[in-house]
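Reading through the structure tokens given below for one structure.
The values are calculated or read from the model by the stated rules, or taken from the named source; none is laboratory data. The structure displayed is predicted, hence computed values, not measured ones. No Cβ is skipped: glycine too gets one built from the backbone with ideal geometry, and neighbour counts run over all protein chains shown. Areas reflect the complete protein model, heavy atoms only, side chains present, ligands, DNA and RNA absent. Shrake-Rupley method; radii C 1.70, N 1.55, O 1.52, S 1.80 Å.
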Amino acid sequence: MAQNIYDNADFFNGYSQLPRQVKGLDGAPEWPAIRAMLPTVKNKNVADLGCGFGWAARWLREQGAAEVHGYDLSENMIERARADTADPAIDYHIADLDTLALPKACFDLVYSALAFHYVENFPRLVTTIGQALVDGGDLVFSIEHPIFMAARHPHWIADEDGRKTWPVNGYAMEGERRTDWFAKGVLKYHRTLATTLNTLTEAGFALRHIAEFAPTQDQIAATPDLAEELERPMMLIISACKTGS
Ligand SMILES: C[S@@+](CC[C@H](N)C(=O)[O-])C[C@H]1O[C@@H](n2cnc3c(N)ncnc32)[C@H](O)[C@@H]1O
């Protein structure tokens, strides 16, 4: 049973105030890297898994997508997405990605931002996505980077000079990870980079491009706190293509 922390009031209130939820996609520093990895979506059918407030669903429609279906476990997130969306070609569904059922060969693109690390059974989800995509269809998603995920909370410790260092512990020990972030005991699932990539290729996906987000100097100049992202990768972004084999 998925944890559904986004329906916890304290967590939801804190999360809703993050720049990426107040400003939308422009408040997410990794968005330019993700956008560069997305295929053209004009007249395409798209699924957004873990769609949250629906920022990406609305952007995809602005780019000409024919239909966008957003899926999310959280009633809070879907309620807000529905309130902010007046587009009949966007449909939001409450669904758990761990038990998700999708129509077969229906989508040209499956997109997901920062949701798959909450999913326990990643192979099942990837198989479901593969069946839902048309041949040649694309899967583009971001997750918390496994190096960041493997660091115990709090993620950094000060060295003798007071400089932040970022220990990685138990990288090869996959499975549950608990962190305190807006609420105690937020449940995520750690998988190594190899497991994530091999799960995709074993399910018939060809890898197109992998990005380990790091901010540009311009981004750091505008938001100095982002310099921390040069110390260790926090986000992994993957684009893959269903090969049809
Ligand atoms: C970090 S938020 C990202 C939201 C959105 N993709 C964005 O980038 O703004 C993660 C989202 O995944 C959803 N989520 C977490 N676990 C889920 C699950 N098992 N099934 C479906 N959605 C889930 C949460 O409710 C939340 O909306």
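Annotations for the structure displayed:
- Within region 48-79, the residues that satisfy the criterion of being touching a Cys at 6+ places or on another chain (Cβ under 9 Å), among the aliphatic types (A, V, I, L, M) and either within 12 Å of the ligand (Cβ to nearest atom) or under 25 Å from residue 215 (Cα atoms) (or both) are 57, 77, 78.
- Cross-chain or 6+ apart pairs with Cβ under 7 Å, region 36-56 first and open to solvent by less than 10 Å² (accessible area, probe 1.4 Å), then assigned to a loop (DSSP other than H, G, I, E, B) and within 7 Å of the ligand (Cβ to nearest atom): 49/97; 49/115
- When region 49-92 is filtered for residues that are closer than 15 Å to residue 6 by Cβ, not in a loop (DSSP other than H, G, I, E, B) and not basic (Lys, Arg), the ones remaining, listed by number, are 49, 55, 70, 71, 72, 75, 76, 77, 78, 79, 81, 92.
- Residues in region 1-21 that are open to solvent by 30 Å² or more (accessible area, probe 1.4 Å), within 11 Å of the ligand (Cβ to nearest atom) and over 17 Å from residue 234 (Cβ atoms): 1, 3, 4, 6, 7, 8, 12.
- Residue list for region 107-125, filter: away from the ligand (no atom under 14 Å from the Cβ) and either aliphatic (A, V, I, L, M) or surrounded by 16 or more Cβ atoms within 10 Å (Cβ to Cβ) (or both): 107, 108, 109
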